[in-house]
Amino acid sequence: MEQIQRIKFLIEKKPTIVLVGEKTEILRKFIEHLIFKELGQKKDIIILEGSEEKLQDFKFYLQKTEFGVIILKDEVKNFEGLLNFLKDLPPKINLIFNFEEKKLRKLKDLINLHSLSFGTDEKADVFVSSLKFNFGMNFKISFGGATVPFWLEGVFGREYILSLLASVSFGVLYGINLVEISQYFKEFEAVPGKKRLIEGMSGSFLFDDSKSFETKEQKEALEILKEIQWAKRKICVLDGEIEEEILELVLKNCDLIFLFGKNYTLEEKEKILFFDKIEDGIEKLKETLRENDLVLILGSQKMNLDSLIDNIRKIW
């Protein structure tokens, strides 16, 4: 099967994008959205993805394609291995890398590939500025002296920003105008469970972060929650076995807390409601929701808190 795929590729030589990293789901969705808006179908461009350990699997495609792009969004573990891999590629390949990863900055002077960097620093080739949170994120992206406003509705967080910047970098390399790119992404939809805003019952809104399990991801969600000004009340739904550091932030930033599962260290407090099981608290949560309440659902690997969403989201 692999041999047949390679023969087909040699005939068609479609443009090829390689996404390198452990977490490329959001990046891939941005890239696919951009390609679909520009070309009408994703099959005109091949998208490959995998960890840096699998780079050699992509070498054939990158060496034979007429237009290739490698996107490095995350930290690299084996810099020397990556460098040797990139040195073996033909000059027609383009490299897009995250400027915030300091190791990756060195690549520009060590390889013979055209490269673009992206990040929050103005020294990056493609950078973001003026970030604000509302019912999504609005900000500006700059490239080559041009600055264009962008709006992502119902989307929050650093992972989306970096993935968007990488996708914009691909877009300009592919010859798409920055203004066009900004228009394309107005209709982008967030990944379920990853810092998305959706409408809830009774005029409320749900900040769905139910698939983010790392402490740094949960801290970011609470920092974003703190910055959102339009919410009348901020409610948090979480697992009782959450880390103490996260729990302290929840207590500080939320008006009401629905805590599911056992927590033997937390004292009874007026704004905390305890429930042993998810189904025990669903009706109480429904009764509680009011217009412009914002409900943050934090991820838990032990409890399926994302199952709450279908019970409290707006029914059309």
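What follows draws every value from the coordinates through simple rules; no lab data is involved. This one's a predicted model, so the numbers in the text were calculated from it and none came from an experiment. Glycine also receives a Cβ, built like all others from the backbone with ideal geometry; neighbour counts cover every protein chain displayed.
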remark   = In Å, the C-alpha Rg and Dmax of the range 45-153 are 15.6, 46
request  = Return the inverse of the average 1/r over all pairs of distinct C-alpha atoms in the range 2-187, which is the Kirkwood hydrodynamic radius, in Å to one decimal.
outcome  = 16.8
request  = Run through all the Cα pairs of the chain and give the fraction in each 20 Å bin from 0, expressed as whole percent.
outcome  = 30, 49, 20, 0
inquiry  = Residue by residue through the range 71-77, what is 3J(HN,Hα) from phi via Karplus (6.51 cos²θ - 1.76 cosθ + 1.60, θ = phi - 60°)? Round to whole Hz and write x for glycine and proline.
reply    = 10, 10, 9, 10, 4, 9, 7
Degrees separating the helix 215-227 axis from the principal Cα axis of the chain, which is the longest one = 70
remark   = Checked against the positive end of the charge dipole of the chain (+1 on Cβ of Lys and Arg, -1 on Cβ of Asp and Glu, about the Cα centre), the farthest of GLY281, GLY200, LEU173 is LEU173
message = Only Cα pairs within less than 10 Å get springs; with that Gaussian network setup on the chain, which residue of PHE36, PHE185, PHE207 has the largest fluctuation?
response = PHE36
query = For the chain, what is the mean residue ellipticity at 222 nm derived from helices alone (per DSSP H run of n ≥ 4: -39500 (n - 2.57); sum divided by total residues; nearest 500 deg cm²/dmol)?
reply = -10000 deg cm²/dmol
note = Checked against the positive end of the charge dipole of the range 2-187 (+1 on Cβ of Lys and Arg, -1 on Cβ of Asp and Glu, about the Cα centre), the farthest of TYR61, GLY154, GLY144 is TYR61
inquiry  = Neighbour counts of other C-beta atoms within 10 Å: give me PHE79, PHE118, PHE99 arranged from fewest to most.
reply    = PHE79, PHE99, PHE118
note = tail above 25 Å in the computed P(r) of the range 196-312, as % of all Cα-Cα pairs, reads 11
ask   = Out of ASP293, ASP125, ASP109, any idea which swings most in a Gaussian network model of the chain, alpha carbons joined below 10 Å?
value = ASP109
Nearest-ten-degree value, helix 244-253 long axis tilted from longest Cα axis of the chain = 70
ask   = Per the Kirkwood definition applied to all pairs of different Cα atoms, how many angstroms is the hydrodynamic radius of the range 26-100?
value = 13.6
note = With LEU289 itself left out, Lys, Arg at +1 and Asp, Glu at -1 over residues whose Cβ is under 13 Å from its Cβ give +2
